[in-house]
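Asker: Can you read through this structure? Questions will come right after.
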Amino acid sequence: MQLTYLQKKQLSHYPSASAIHFFKDTFYITGDDAQHILLLNEHLETLDTIPLFDSETARIPKKEKVDIESNLLLNIDEVPHLLLMGSGSKERREKAVLINLQTREKQVLSTSKFLENITAAGIEEINIEGASTMADAVILSNRGNKKRPSNYLIITQKSFLALQAQASVELVKVELPTTVFLGISDIQYLAEKDELYFTASIEHTDNSYDDGAIGDSYVGYISKFSQAINSPIIQPTALINLSTISPELVQHKIEGIAVAPAQKGNHLYLISDNDDGQSTVFKLLAE
């Protein structure tokens, strides 16, 4: 995989971007302490916002936030819904928000029973940072840390929130070929190529709650993914340090990825949260 830097867009009034999804010419961006969803067009211009939470401060305080770290699209009764997942790293974060994209009606759902199922399957410290869909399955990514340096993919049903503790859970460990620990921060499955793209970054923290100093960020992918997940441990087909692609990407904590087919290769849209109340979108070409 060869990456080429194309564009950068500063989101000076949107904090802590943590997930991005592209649907019908619109990017849906969520922040882990933001009060609303930000909608951008294909030129990365602001279209609209969708309210999520009420807060007296521009950024929801750390002890109060649901910590939305991932989003994905689900069709429910042939109606598109955006599902936002809290990280699950604390009790208050054991929530999901389901938004009807036609009516913008919002439901806040508990994920606690489902998360107990994940713990029972073998994950010691829950920190869900990525989500995507594949056929009839949902894939979640659980980010490790320096104390528990293992990243896992969690394979479950699309109806996992209704099933809760009865939802099936299959764990697949992702081993990254680096000498320092990288935590996987987001994923997107590309059905037409059977590839799973992901972002990963260095953050010097030994738990799922505290922030740490930011290091390099990476983009990688796993080819023939539907076959790869039949193994308990998988390794990426490619993994690239973004600091080697452009100076613009140095010291950015990449939190989310959206992949869109280009005339040649794919366009990758990456979002960063540098813990300063602003966010950035980067556009790259992957060939």
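The values are calculated or read from the model by the stated rules, or taken from the named source; none is laboratory data. These numbers come from a predicted model, not from an experiment. Here the Cβ is made from the backbone with ideal geometry for all residues, glycine too, and neighbour counts use every protein chain on show.
Asker: Would you confirm whether any residue within segment 138-160 is farther than 17 Å from ALA34 by Cβ, assigned to a helix (DSSP H, G or I) and without any contact (Cβ under 8 Å) to a residue 40 or more places away in the chain?
Answerer: Let us first name the residues in segment 138-160 that are farther than 17 Å from ALA34 by Cβ, namely 138-160.
This time we only want the ones that are assigned to a helix (DSSP H, G or I), so: 160.
Now restrict to residues that are without any contact (Cβ under 8 Å) to a residue 40 or more places away in the chain: none.
Checking segment 138-160: not a single residue is farther than 17 Å from ALA34 by Cβ, assigned to a helix (DSSP H, G or I) and without any contact (Cβ under 8 Å) to a residue 40 or more places away in the chain.
Asker: Still on this structure, please answer the following. State whether the residues of segment 170-182 include one that is modelled with pLDDT of 95 or more, assigned to a loop (DSSP other than H, G, I, E, B) and hydroxyl-bearing (Ser, Thr, Tyr).
Answerer: No, because not a single residue in segment 170-182 is modelled with pLDDT of 95 or more, assigned to a loop (DSSP other than H, G, I, E, B) and hydroxyl-bearing (Ser, Thr, Tyr).
Asker: Looking only at residues that are part of a strand (DSSP E or B) and among the polar types (S, T, N, Q) in segment 27-83, which one is surrounded by the fewest Cβ atoms within 10 Å (Cβ to Cβ)?
Answerer: Initial filter on segment 27-83 (part of a strand (DSSP E or B)): 27-31, 36-40, 46-51, 68-76, 79-83.
Next, from what is left, pick out any that are among the polar types (S, T, N, Q): 30, 46, 49, 70-71, 75.
Details: THR30: 28, THR46: 14, THR49: 14, SER70: 28, ASN71: 25, ASN75: 10.
Looking at the filtered set, the residue picked out is ASN75.
Asker: Restricting to segment 154-182, and then to whatever is more than 24 Å from VAL97 (Cα to Cα) and of a type outside the set (A, V, I, L, M, F, W, C), can you tell me which residue is surrounded by the most Cβ atoms within 10 Å (Cβ to Cβ)?
Answerer: Per the criteria, the residue is LYS173.
Asker: Being in contact with a helix residue (DSSP H, G or I) (Cβ under 6 Å, 6 or more places away or on another chain), surrounded by fewer than 18 Cβ atoms within 10 Å (Cβ to Cβ) and either assigned to a strand (DSSP E or B) or in contact (Cβ under 8 Å) with a residue 40 or more places away in the chain (or both) is the filter here; which residues of segment 237-287 pass it?
Answerer: none
Asker: Of all residues in segment 107-137, how many are in a strand (DSSP E or B) and among the aliphatic types (A, V, I, L, M)?
Answerer: 6
Asker: Exactly one of (1) crowded, with 19+ Cβ neighbours inside 10 Å; (2) at pLDDT 95 or above is unmet by ASN145. Its number?
Answerer: (2)
Asker: A further question on this structure: Checking SER12 against (1) farther than 13 Å from PHE282 by Cα; (2) surrounded by 14 or more Cβ atoms within 10 Å (Cβ to Cβ); (3) not aromatic (Phe, Trp, Tyr), which test does it fail?
Answerer: Condition not satisfied by SER12: (2).
Asker: In segment 185-199, what residues are crowded, with 24+ Cβ neighbours inside 10 Å and either part of a loop (DSSP other than H, G, I, E, B) or under 9 Å from the mean Cα position of the chain (by Cα) (or both)?
Answerer: Hits for segment 185-199 are SER185, ASP186, ILE187, GLN188, PHE198, THR199.
Asker: Only one of (1) in contact (Cβ under 8 Å) with a residue 40 or more places away in the chain; (2) of a type outside the set (Ser, Thr, Tyr); (3) closer than 25 Å to ASP54 by Cβ fails for GLU91. Which number is that?
Answerer: (1)
Asker: I would also like to ask the following. Confirm whether ARG92 is part of a loop (DSSP other than H, G, I, E, B) and over 15 Å from the mean Cα position of the chain (by Cα).
Answerer: Taking the combined requirement at face value, the residue does not satisfy it.
Asker: Also: State which residue is farthest from GLN2 (Cα to Cα) when the search covers only segment 227-236 and only residues that are in contact with a strand residue (DSSP E or B) (Cβ under 9 Å, 6 or more places away or on another chain) and not in a loop (DSSP other than H, G, I, E, B).
Answerer: Result: ILE233.
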